[in-house]
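A short worksheet on the structure shown next.
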Amino acid sequence: MTATQSLERDTDNPEAGPFLVTNRLIFSIALPMTLGFLTTPLLGLVDTAVVGRLGKAELLAGLAVGAVMFDLIFTTFNFLRAATTGLVAQAYGRGDRREQKAIFWRSLMIALVTGGTIVLISPILLSAGLWLMGPGPEVAEVTRTYFLYRILSGPAALANYAILGFVLGRGEGTLGLMLQTLINGTNIVLSILLGLVLGWGVAGVAIGTVAGEVIGALAGFAVVYGRFDRKDAPGWAMIFAGDRLKKLFGLNRDIMIRSFALLAAFTLVTRIGTSFGPVTLAANAVLMTIFLVAGYYLDGLATAAEQLTGRSIGAGYRPAFDRVLRMTALWSLGLAASTTLVLLAFGNTVVNMLTTAPDVRALAYEYMPWAAVTALTGALAFLMDGVFIGAGWSRDMRNMMLAAFIGYVAALAVLVPAFGNHGLWAALNLFLLLRGAFLLLMVPRRAAQTFRPLQ
């Protein structure tokens, strides 16, 4: 272990020190979080199905544009979840309970302030988003309706990132599943009720999202705060300690840049798809929803790697780190290959569930193989993100993401003019491959530096 990692360890705390990595330990985190994360693309599937059942490509395209805009806004701030998980996991490995709580309060306060600011500047964000995406007038009107309702969920949505980050940092996958299920389950039920049954359409889908986020944030805070032990409560001086805030903001900055580059890559898919017309845009939206199913499915294992990597570094225990990396990589690649095969076999059936528009269905069938293979090309990228976040190697993750993004843009410039929408999907798969390969190459050197023995 390093000198820094030996500090602040509570030797009487069973959370601290070396630990054995087993399949049971990995899946105690990965399995519930896979189920929890799957509720998010399931929500996307339901929202797409609700609007798709209205039978107009413009409505589905408007929802797709609005969803991408919120990805750009909210998911850019996913660093609140990721940085919180990594730092809490390392404090967990050291057995430092007071610092775990201090990280929670820092992250929650940042989330609420940032979420409130997003609501205040929402008119600017809406105008910028419509300019960036460039939809036609009818599609833009649908997007505007969706945006003006959903933006109200800002503070609650970001608070949920902080709460989930704390829970996952402690390896409490089952609690994370319960919170994700509450948020997305409420959202799904209300989206169907308001959007389809009551006929509110896109507005009903957006209101369902707001309600789910608010209810989830209130419930999550009540559960987490209710379990705090006052004897471990950090003081304000500890919560706002300059060196701790600097570390948190540094991680947040790097992860935010990485997330923004990732979302920019996905935004380019929608933006370029817009130039192919509303039918192709709608087909790509359906396929991107399927891609997200595969991504969230693999994120459960990435979350396990994130927590256990952070814990091993907090404990200063290299054997646990190596075993986490090896075991989660084998499981990720195996499950990704299985997912690809399932989507190749049954992907068209899923498309039929998502839209009734014959022209959208026909195009989605044509491009389905590209969406199916994203599970396999993205498996290593998802896993390496978890490893680097848990380890706190955020600068390396940021730099490798930017390098992969440059390769992606170059591929778009070559492949899209030559092959159209096929070239767009080929470039996306190349981007996923580059992300995983670049990060994997960094692991041996960074691990050797992190676990350097005391002299």
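The values are calculated or read from the model by the stated rules, or taken from the named source; none is laboratory data. Note that the structure is a prediction, hence the values are computed from the model and not measured. Glycine also receives a Cβ, built like all others from the backbone with ideal geometry; neighbour counts cover every protein chain displayed. Side chains are part of the model used for accessible areas, which takes the heavy atoms of the whole protein and leaves out ligands, DNA and RNA. Shrake-Rupley method; radii C 1.70, N 1.55, O 1.52, S 1.80 Å.
The table for this structure:
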quantity: Single unsatisfied condition, Leu343 versus (1) open to solvent by 30 Å² or more (accessible area, probe 1.4 Å); (2) within 22 Å of Leu31 (Cβ to Cβ); (3) modelled with pLDDT under 90; calculated: (1)
quantity: Residue satisfying condition, being open to solvent by less than 20 Å² (accessible area, probe 1.4 Å), touching a residue at least 40 places away in the same chain (Cβ under 8 Å), farther than 30 Å from Arg435 by Cβ and assigned to a helix (DSSP H, G or I), within set Ala294, Ala203, Ala302, Ala283; calculated: Ala203
quantity: Gly17, sole failed condition from (1) in contact with a Phe, Trp or Tyr (Cβ under 6 Å, 6 or more places away or on another chain); (2) surrounded by fewer than 24 Cβ atoms within 10 Å (Cβ to Cβ); (3) at pLDDT below 75; (4) not charged (D, E, K, R); calculated: (1)
quantity: Hits in segment 78-90 (condition: of a type in the set (S, T, N, Q) and open to solvent by less than 10 Å² (accessible area, probe 1.4 Å)); calculated: Thr84, Thr85
quantity: Residue in segment 420-438 that is open to solvent by 50 Å² or more (accessible area, probe 1.4 Å), small (Gly, Ala, Ser), modelled with pLDDT of 95 or more and farther than 23 Å from Ala57 by Cβ present; calculated: no
quantity: Residue count for segment 227-243, restricted to those that are open to solvent by 60 Å² or more (accessible area, probe 1.4 Å), assigned to a helix (DSSP H, G or I) and either small (Gly, Ala, Ser) or in contact with a helix residue (DSSP H, G or I) (Cβ under 8 Å, 6 or more places away or on another chain) (or both); calculated: 1
quantity: Any hit, segment 349-372, residues being open to solvent by 40 Å² or more (accessible area, probe 1.4 Å), within 27 Å of Ala30 (Cβ to Cβ) and at pLDDT 90 or above; calculated: yes
quantity: Segment 20-71: number of residues that are at pLDDT 70 or above, open to solvent by 50 Å² or more (accessible area, probe 1.4 Å) and part of a helix (DSSP H, G or I); calculated: 7
quantity: All positions within segment 368-410 that are touching a Phe, Trp or Tyr at 6+ places or on another chain (Cβ under 6 Å) and among the hydroxyl-bearing types (Ser, Thr, Tyr); calculated: Thr374, Tyr408
quantity: Residue in segment 305-334 that is nearest to Asp71 (Cα to Cα), counting only those that are buried (at least 23 other Cβ atoms within 10 Å of the Cβ) and of a type in the set (D, E, K, R); calculated: Glu306
quantity: Given (1) buried (at least 24 other Cβ atoms within 10 Å of the Cβ); (2) over 22 Å from Gln307 (Cα atoms); (3) not basic (Lys, Arg), index of the condition Val189 fails; calculated: (1)
quantity: Segment 87-100, residues that are touching a helix residue (DSSP H, G or I) at 6+ places or on another chain (Cβ under 6 Å) and under 17 Å from Asp243 (Cα atoms); calculated: Leu87, Val88, Gln90, Ala91, Arg98, Glu99, Gln100
quantity: Of all residues in segment 206-222 being of a type outside the set (S, T, N, Q) and under 15 Å from Leu63 (Cα atoms), the one that is surrounded by the fewest Cβ atoms within 10 Å (Cβ to Cβ); calculated: Ile207
